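Peer 1: Have a look at this one before I ask anything.
The values are calculated or read from the model by the stated rules, or taken from the named source; none is laboratory data. Values in this document were obtained by computation on a predicted structure and should not be read as measured data. Neighbour counts run over all protein chains shown; Cβ positions are idealised from the backbone, glycine included.
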Amino acid sequence: MAKAPVYAIVGNPNCGKSTLFNALTGLKQKVGNYPGVTVEKKTGTLYSQHGQPITIIDLPGAYSLAARSPDEAVTRDVLLGRREDTAQPDRVLCIVDATNLERNLYLVHQVLDLGRPVILILNMMDLAAQAGISIRVARLSQMLGIPVIPCEAVNGKGIIELKLAISRHDLPLSRHAWDIPAPIAPAVAELQASLVSNGGKAPLIARAEALLLLTDQDSVRVAGSAPLDAKTQEILRSWQSRWEAQGVDWAGTLVSSRYEAIGRLASEVAQSAKPSAQTLSDRIDAVVIHPLWGWVVLALVMTLLFFSIFKFAQAPMDWIGDGNAALAGWIRGLMPDGDLRNLLTDGVIGGVGTIVTFLPQILILFFFIGLLESTGYMARAAFIMDRLMGHVGLNGKSFIPLLSSYACAIPGIMATRTIEDPKDRLVTILVAPLMSCSARLPVYLLMIAALFPGPTYPIAAKVGIMVLMYALGTIGAFGFAWLFKRTLLRGKPPLMIMELPPYRLPRIKDVLLQMTERAGLFLKNAGTVILAISIVLWLLAAYPKSPAGATATEQLAHSFAGRAGHLLEPVIKPIGFDWHIGIGLISSFAAREVFVSTMGVVFSAESGGEDTTSLRHALNAARWPDGRVLFTPLVCITLMVFYVFAMQCMSTIAVVRRETNSWRWPLFQTAYMTGAAWIICFIVYQSGTALGF
Amino acid sequence: MAATVKLSALPVGASAVVRDIQKTDSSSVRLREMGLLVGTELTLVRCAPLGDPLEIKMRGYHLTLRKSEASLVTVEPKEP
């Protein structure tokens, strides 16, 4: 038997593509990444009628093959066979939203040009019927000459028919023909010929690629794709300059002629009974994007999000914390005392365990982000916030990633994948960790406790300081975004050409699946970096060994970390910190809240879990060698400011490395954030000292 | 030809027909690919709460674009 064909699924965003892919492949999916780009690569297996395994690639959602985002670029390059890591799919499943036929058919029209067998799937037929749209499926199939399958992916209707079509040994090629506009036809022919002779392409693909090159102005190039050959490039440029001189709008003409062809198809097969009825989505939007109520809804959604994170994440976080302690205790009982045991209990469980403790929060955030995406609210939030984000040169799509970063920067950074423009995405990633995440809370709380010892201080002062820190981080994030957009990552102002999809009830199963996939990607890819840094940090604190009988405090002071604290002192003295704090800064590079436990060891306070009273007393008793108080109010404030700005999070570094595919950006990010932290602390401390605080 | 205005100047709730799209290097191609073409009928549904971007309805779906992008599009308002 011949090798089973490989299928690719393509479709616009929001047309139900993921649901269909899940329905076809069940849980037999593999999620990874296209090498060199942070675009998810999903493949799954479906068993044909004859029991033959068929590979299905779920390509990223795209409106057009003239790519505007890395996602669309991957879709384009896979379909054109330009990627070395992914063979060109043999056949294509095109899924369209039946309620919005014309625009969805634009992509299909481009795919038909590729000369591969295509199965067209009309999804959401029920919603189309509700909207009064009737589609003559058989006529569409006849006009295009390809199988057309009506379907409701959400409830599984049409999936069997689709599987039957997929199982067919032979599928017809489309016989749909459309006329390339006369002024452009010679260019297409010349480019096609060049792609065949110089690029080694098959004639049909070459024609499709030639058409694409003409609408593909300043399109996105991504790593892992073969570049265009020089000869063809030259031909393209000469035609473009000729048209430029003659005032021919070649790209516009091509798009229009495609839409004309689509219009003829649509008018023949689709009829709309009630043309402009108020839909449920319209009525929801009347409230959700209302000039006043819109803000109320946005505030409510965000409050609910943060409430759930703090409400529902706490218990599992405690369990994981207890589990870590139990695991460490178990290992202690199992192994003889020694470095290997301490490496496992203090290094690995202490380091990686700390990060895993945050997993419930990360999962809840992923869940909410998935929910916001699949209901359609994400686009509304971006719409509402676009103007504000525009002030710093970003667009509304940066809003949710930045907001999520108040809980944890990791899901926030991973949510930036919806931002099309690579520079905007990078700027958002670079500033996201400046939003005060929940790992900073223990540090803030400890410092506030040290700042206002005892209950005599008004609660308003404590809250006020806390709010100030959050505000400082937010202002910092926007300030640096503004700066980066004007200097390092200068680009065109981002577009806000975005679909507002109809509201849909989310499929919890799909959202949960997506959540676990994303969390798995985080653990898998960040895990090794986190493990490595944990071990290094443990080594720094455990070696060299102090003489037998030394306390934990003496050992830490004697270790590399302790010595580094001393080495660091000249650098951090101008911001009011001594070497004790220096050790805290070094060890909390793993995660910010480690600062609290390190301070406990440094000042040999009895550890009391949540209760930091004894630690607070120890801090208040700490002195410089000359007898000055170490933790003056000014130093407490300065330390908080330091944690507002400094990177101090190895998980973020690991995720940024993964999302930007290089060490360059995470290193730059760590440098600029720590640099900014020092400079701002210097200003705060020195001016505070000068003012007599 | 009847009076035309920029899409960015169209009142909220008004319907219009696209008469011209200024050619720029990037945004105009994507706008067209999304189905905004000469002859397309559209309705300006609303402005965002802060006045920008705009939301239009055309070809049975909703699209947002910034005022700066809308100013590239000339439309002919339809009589209500």
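Peer 1: Only residues that are more than 14 Å from every other protein chain (Cβ to nearest Cβ), surrounded by fewer than 18 Cβ atoms within 10 Å (Cβ to Cβ) and of a type outside the set (D, E, K, R): list them for region A:479-505, please.
Peer 2: Passing the criteria: A:479, A:482, A:483, A:487, A:488, A:505.
Peer 1: Which residues, taken from region A:107-137, are in contact with a Phe, Trp or Tyr (Cβ under 9 Å, 6 or more places away or on another chain), surrounded by fewer than 23 Cβ atoms within 10 Å (Cβ to Cβ) and part of a helix (DSSP H, G or I)?
Peer 2: Once the filter is applied, which keeps residues that are in contact with a Phe, Trp or Tyr (Cβ under 9 Å, 6 or more places away or on another chain), surrounded by fewer than 23 Cβ atoms within 10 Å (Cβ to Cβ) and part of a helix (DSSP H, G or I), region A:107-137 yields only A:109.
Peer 1: Being within 14 Å of another protein chain (Cβ to nearest Cβ), buried (at least 24 other Cβ atoms within 10 Å of the Cβ) and among the hydrophobic types (A, V, I, L, M, F, W, C): is that true of residue A:382 here?
Peer 2: Taking the combined requirement at face value, the residue satisfies it.
Peer 1: Which condition number does residue B:15 fail, the rest of (1) without any contact (Cβ under 8 Å) to a residue 60 or more places away in the chain; (2) in contact with a Leu (Cβ under 8 Å, 6 or more places away or on another chain) being met?
Peer 2: Residue B:15 satisfies all of (1) without any contact (Cβ under 8 Å) to a residue 60 or more places away in the chain; (2) in contact with a Leu (Cβ under 8 Å, 6 or more places away or on another chain) except (1).
Peer 1: On to the next question. Return the only residue of A:205, A:160 being in contact (Cβ under 8 Å) with a residue 24 or more places away in the chain, part of a helix (DSSP H, G or I) and within 19 Å of residue A:8 (Cα to Cα).
Peer 2: Exactly one of A:205, A:160 is in contact (Cβ under 8 Å) with a residue 24 or more places away in the chain, part of a helix (DSSP H, G or I) and within 19 Å of residue A:8 (Cα to Cα), namely A:205.
Peer 1: Return yes when residue B:3 is more than 9 Å from every other protein chain (Cβ to nearest Cβ), crowded, with 18+ Cβ neighbours inside 10 Å and either in a helix (DSSP H, G or I) or touching a residue at least 24 places away in the same chain (Cβ under 8 Å) (or both) and no when it is not.
Peer 2: no
Peer 1: So, in region A:385-404, of the ones that are in contact with a helix residue (DSSP H, G or I) (Cβ under 6 Å, 6 or more places away or on another chain) and charged (D, E, K, R), which residue ends up farthest from the other protein chains (Cβ to nearest Cβ)?
Peer 2: A:397
Peer 1: Scan region A:234-250 and give yes if some residue there is within 24 Å of residue A:103 (Cα to Cα), of a type in the set (Val, Ile, Thr) and crowded, with 18+ Cβ neighbours inside 10 Å, otherwise no.
Peer 2: The answer is no, given that none of the residues of region A:234-250 is within 24 Å of residue A:103 (Cα to Cα), of a type in the set (Val, Ile, Thr) and crowded, with 18+ Cβ neighbours inside 10 Å.
Peer 1: Any residue in region B:47-73 that is more than 7 Å from chain A (Cβ to nearest Cβ) and modelled with pLDDT under 90 sitting within a Cβ distance under 6 Å of a residue that is buried (at least 18 other Cβ atoms within 10 Å of the Cβ) and assigned to a loop (DSSP other than H, G, I, E, B)? List the pairs, counting only those 6 or more apart or interchain.
Peer 2: none
Peer 1: Exactly one condition in (1) more than 8 Å from chain A (Cβ to nearest Cβ); (2) out of contact with any Asp or Glu (no Cβ under 8 Å at 6 or more places or on another chain); (3) assigned to a loop (DSSP other than H, G, I, E, B) is not met by residue B:42; state its number.
Peer 2: Here residue B:42 clears every test but (3).
Peer 1: State yes or no: is residue A:294 within 14 Å of chain B (Cβ to nearest Cβ), touching an Asp or Glu at 6+ places or on another chain (Cβ under 8 Å) and not aliphatic (A, V, I, L, M)?
Peer 2: When the stated conditions are applied, residue A:294 does not pass them.
Peer 1: Return only the number of the condition from (1) surrounded by 14 or more Cβ atoms within 10 Å (Cβ to Cβ); (2) touching a Lys or Arg at 6+ places or on another chain (Cβ under 8 Å); (3) of a type in the set (Gly, Ala, Ser) that residue A:527 does not satisfy.
Peer 2: (2)
Peer 1: Return the total of residues in region A:333-360 being in contact with a Ser or Thr (Cβ under 8 Å, 6 or more places away or on another chain) and outside any helix (DSSP H, G or I).
Peer 2: Selection size over region A:333-360: 1.
Peer 1: Still on this model: Where in region A:1-83 are the strands (runs of 3 or more DSSP E), entirely inside, with at least 1 residues that are among the basic types (Lys, Arg)?
Peer 2: The strands (runs of 3 or more DSSP E) meeting that bar are A:29-33, A:40-47.
Peer 1: Quick one: would you say residue B:37 is at the interface with chain A (Cβ under 10 Å from one of its Cβ atoms) and under 11 Å from the mean Cα position of the chain (by Cα)?
Peer 2: So residue B:37 passes the test.
Peer 1: Now for a separate question. Just to verify a result, which residue in region A:65-106, among those that are among the small types (Gly, Ala, Ser) and over 21 Å from residue A:147 (Cβ atoms), is nearest to the chain's Cα centre (by Cα)?
Peer 2: A:69
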